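Note sheet for the following structure.
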Amino acid sequence: QVQLVESGGGLVQAGGSLRLSCAASGSIFSIRTMGWYRQAPGKQRELVAAMLSGGSTNYADSVKGRFTISRDNAKDMIDLQMNSLKPEDTAVYYCNANLKRTRLSGWLDYWGQGTQVTVSS
């Protein structure tokens, strides 16, 4: 089994900051990408930020310059530092990992349970 456990969501005023953390555990051979997605009510889930094992990153245009993703490959953990938060950042944030459980298995996506981020105006 593979588990992704998130922490760090909450309620913050506009302009404030929050830090999300996600730890992957279980039977893991290799992790290719770890990242954060979010889903607001009535909207599709969207990529917020992701990082490959080599360190390259990908950010949604809406969060560039405000959010920073970091990754600890040795601990299979990622963090998302969110600054200058806006009400439109309000959503459930999900941790994602694209990984192999064994050397011969395929790459599969795993998801955390989600953590609520609410930004008040």
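Let's see if you can work this out: charge +1 on each Lys and Arg Cβ, -1 on each Asp and Glu Cβ, no other charges. What is the dipole magnitude of the chain about its Cα centre, in debye to the nearest 20? List each step's numbers first, then the result.
Values: 13 positive and 9 negative charges, 50 e Å.
Computed about the Cα centre, the dipole is about 240 debye.
Which percent of the accessible heavy-atom area of the chain goes to carbon and sulfur, probe 1.4 angstrom? Mind showing how you got there, number by number?
Numbers: 3100 of 6430 Å².
Ligands and nucleic acids excluded, carbon and sulfur reach 48 percent.
At a Förster radius of 22 Å, what calculated FRET efficiency corresponds to the Cβ-Cβ distance of residue 68 and residue 118, to the nearest 0.05?
0.60
Students often forget the sequence filter, so: which aspartates and glutamates lie under 15 Å Cα-Cα from residue 100 once same-chain residues fewer than 8 apart are removed?
76, 109
Would you give the gap between the C-alpha center of region 42-103 and the C-alpha center of region 1-40, rounded to a whole Å?
Between the Cα centres of region 42-103 and region 1-40 lies a distance of 7 Å.
Accessible area per residue, 1.4 Å probe, Å², for the chain: what's the number?
Roughly 53 Å² per residue, with all protein chains present.
Below 17 Å, Cα to Cα, which lysines can residue 64 reach? Residues fewer than 8 away in the same chain don't count.
Output for residue 64: 86.
Could you give the nm distance between label points at residue 45 and residue 17, where each point is 7 Å from its Cα heading toward the beta carbon?
So the label points at residue 45 and residue 17 sit 2.9 nm apart.
Normalised radius of gyration for the chain, please: alpha carbon Rg relative to 2.2 N^0.38 Å, two decimal places.
Details: Rg = 14.2 Å, N = 121, 2.2 N^0.38 = 13.6 Å.
Compared with the compact-globule rule of thumb, the chain sits at 1.04.
The values are calculated or read from the model by the stated rules, or taken from the named source; none is laboratory data. This structure is a prediction, so every number in the text was calculated from the model and none was measured. Backbone-built Cβ (ideal geometry, glycine too); neighbour counts: all protein chains shown. Quick note on the areas: whole protein, heavy atoms, side chains included, nothing else; ligands and nucleic acids left out. Shrake-Rupley method; radii C 1.70, N 1.55, O 1.52, S 1.80 Å.
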